[in-house]
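Comments concern the structure below.
Just so it is clear, none of the values below were taken in a lab; they were calculated from the coordinates. These numbers were taken from a predicted model, which means no experiment stands behind them. Counting neighbours? That spans all protein chains shown, and the Cβs are built from the backbone with ideal geometry, glycine included.
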Amino acid sequence: MKFCSECASPVSLLIPAGDNRPRYVCESCATIHYQNPKMVLGTIPVWERDGELKILLCKRAIEPRHGYWTLPAGFMENDETTAEAAMRETQEEAGANIELGKLFSLLNVARVHQVHMFYLATLLDLDFAPGEESLDVQMFSEAEIPWDDLAFPTIRTTLELFFADRARMREDQSTGYRFHAQDITRAMRSDAEPT
């Protein structure tokens, strides 16, 4: 940041009185410009019939990770809730009609100043199509997931947790998915070391 968004004067990077980290501070109007993590919201859209479950994935038409597969997700906008953001992103990227479930995963990605959250979601129909940011949209069973072509570790982690919960529920006859919170400390490219 070079100029103040309040008065257009130059800013300096310094630790304001009573603070503990560098902030951009306006030399003219003394506005402190706080920078906070970005929120990425998405869903795990599923279709289950006759005991077979499939998940809807989108192939990215934009960078970063153009051509790689992801869950429908994107940055939260001002004036919307996390649930509204997850539903909007699912509609924009996959054209999918969903019933939103509970929050499933919260992944802190401190190295890129982001928090990723994924909600469980049930597809209401199979009427979906790629949006502007997607090259393709397809349904995948667990065995069909393109694990080597997933866009980000947060996607891999969320899918691994999802399928681990399903296996646990089958084994011990428990109901319901758990809520998962984790820190992602490695690079945001899925071609880095696997989780």
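The figures follow:
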{"read-out": "Length gained when the stretch Trp147-Ser174 is fully extended (0.36 nm per residue, less Cα-Cα span)", "value": "7.0 nm"}
{"read-out": "Cα-based equivalent ellipsoid of the chain: semi-axis lengths in Å, sorted from largest, via gyration tensor", "value": "36, 18, 16"}
{"read-out": "On Cα atoms only, tilt of 82-94 relative to the major axis of the chain in degrees", "value": "60 degrees"}
{"read-out": "Simple label model, 7 Å out from Cα along Cβ direction - His33 to Leu135, nm", "value": "3.6 nm"}
{"read-out": "Angle between the chain longest axis and helix 153-172 axis [Cα atoms, degrees, rounded to 10]", "value": "40 degrees"}
{"read-out": "Segment 84-195: translational diffusion in µm²/s, Stokes-Einstein, Kirkwood Rh over Cα pairs, 25 °C, 0.890 mPa s", "value": "160 µm²/s"}
{"read-out": "Translational D in µm²/s for segment 33-90 (Stokes-Einstein at 25 °C, 0.890 mPa s, Kirkwood Rh from C-alpha pairs)", "value": "187 µm²/s"}
{"read-out": "FRET E, pair Phe75, Glu99, Förster distance 25 Å, beta-carbon r, rounded to 0.05", "value": "0.65"}
{"read-out": "Relative contact order (%) - criterion: Cα under 8 Å, at least six apart; region: segment 1-62", "value": "19 percent"}
{"read-out": "Projected label distance in nm at Leu106 and Ala167, using a 7 Å step from Cα toward the beta-carbon", "value": "2.6 nm"}
{"read-out": "Paramagnetic label zone (point 7 Å from Cα along Cα-to-C-beta, Ala17; backbone N under 18 Å) in segment 34-48", "value": "none"}
{"read-out": "Net charge of Cβ neighbours under 15 Å - reference Leu135; Lys, Arg +1; Asp, Glu -1", "value": "-4"}
{"read-out": "Segment Asp183-Leu126, extension gain: residue separation times 0.36 nm, minus the distance between their alpha carbons", "value": "17.2 nm"}
{"read-out": "Neighbourhood net charge (10 Å Cβ-Cβ; Lys/Arg +1, Asp/Glu -1) for Ile15", "value": "+1"}
